[in-house]
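Enquirer: The structure follows.
Laboratory data are not the source of any read-out in this text; all were calculated from the coordinates shown. Everything numeric in this text was worked out from a predicted model, so none of it was measured. Note that we place each Cβ from the backbone using ideal geometry, even for glycine, and neighbour counts take in every protein chain shown.
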Amino acid sequence: MIAPSILNADNMHLSRDIKAAIESGIERFHIDIMDGHFVPNLSYGPELVKDFKRSFPFTKAEIHLMSNNLDTTLPLFVEAGCDILEFHYEATNKPDYWLNYLKDHNVRCGMAINPSTPVNKLKPFLNKLDQVLLMTVKPGFGGQKFEEVSVDRLTELQDMIKNENLDLPIEVDGGIDRETLKLTRDAGAKIFVAGSYIFKNGSIEDQVMKLKKEDK
């Protein structure tokens, strides 16, 4: 599955760019939420998610919450109507609480880990998750180069999931293009977040279709 990151879309024509991707068969968008504390950047607020779901009610809004103030931020995006929410393992000392909170509010839950975090930190939570987000760059900014070590990390995570007899999709985010999509797909990834490749290289439709050819 291709999940375009709207962080790299044209903010002055965001609806246009989203529509172009939907017309290419996209069913889910990755929305990066950055609070300026957990990562050194700022992005969107809950109002954008409300507008997104009002304008595109049949398209999934996947929130990648890069915040370490979950008490404030996480409920806001649940209330805004997101379909999937991924928070960072590194951002909270009560992950079980938030996983249960998302389940109680009928929001699909994911947990993200940074490139510097050992993947085995996720093991206690795997059976509570709907998906895992493996960052393949340091979070905070779009357009970064894919970190090659991510392939080994992905393989380790996939083996860990199999050993637990779980069917848990892994999502990768950071530096995804045709080449890195193939690398991560072969290592076990199922969901591919792509921003710059889709929105910064001419025709959105053409770029989506190029990625879809590799996602088989």
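Enquirer: What number of residues within segment 123-149 satisfy the criterion of being exposed (fewer than 14 other Cβ atoms within 10 Å of the Cβ) and out of contact with any Leu (no Cβ under 7 Å at 6 or more places or on another chain)?
Expert: Within segment 123-149, residues that are exposed (fewer than 14 other Cβ atoms within 10 Å of the Cβ) and out of contact with any Leu (no Cβ under 7 Å at 6 or more places or on another chain) number 6.
Enquirer: Could you tell me which residue of segment 86-97 is nearest to residue 46 (Cα to Cα), considering only residues that are touching a Ser or Thr at 6+ places or on another chain (Cβ under 9 Å) and outside any helix (DSSP H, G or I)? If you could, list the steps in order and put the result at the bottom.
Expert: Here is the first cut: in segment 86-97, the residues touching a Ser or Thr at 6+ places or on another chain (Cβ under 9 Å) are 87-91.
Now restrict to residues that are outside any helix (DSSP H, G or I): 87-88.
Values: 87: 15, 88: 18 Å.
Top of the filtered list is 87.
Enquirer: Of everything in segment 197-209, what is crowded, with 19+ Cβ neighbours inside 10 Å, in contact (Cβ under 8 Å) with a residue 24 or more places away in the chain and either farther than 22 Å from residue 14 by Cβ or not β-branched (Val, Ile, Thr) (or both)? Give them in sequence order.
Expert: 199
Enquirer: Related question: Starting from residues that are over 19 Å from residue 131 (Cβ atoms) and within 18 Å of the chain's Cα centre (by Cα), keep the ones in segment 59-74 and report whichever is surrounded by the most Cβ atoms within 10 Å (Cβ to Cβ). Please lay out each step first, then the result.
Expert: First pass over segment 59-74, keeping only residues over 19 Å from residue 131 (Cβ atoms): 68-69, 71-73.
Applying the additional criterion that residues be within 18 Å of the chain's Cα centre (by Cα) yields 68, 73.
Working: 68: 16, 73: 22.
So the residue we want is 73.
Enquirer: Cβ-Cβ below 6 Å, separation at least six or inter-chain, first residue in segment 95-118 and farther than 15 Å from residue 154 by Cβ, second basic (Lys, Arg) and outside any loop (DSSP other than H, G, I, E, B): which pairs?
Expert: Within 6 Å, the pairs are 99/128.
Enquirer: All but one of (1) over 18 Å from residue 67 (Cα atoms); (2) more than 18 Å from the chain's Cα centre (by Cα) hold for residue 128; which doesn't?
Expert: Failing condition for residue 128: (2).
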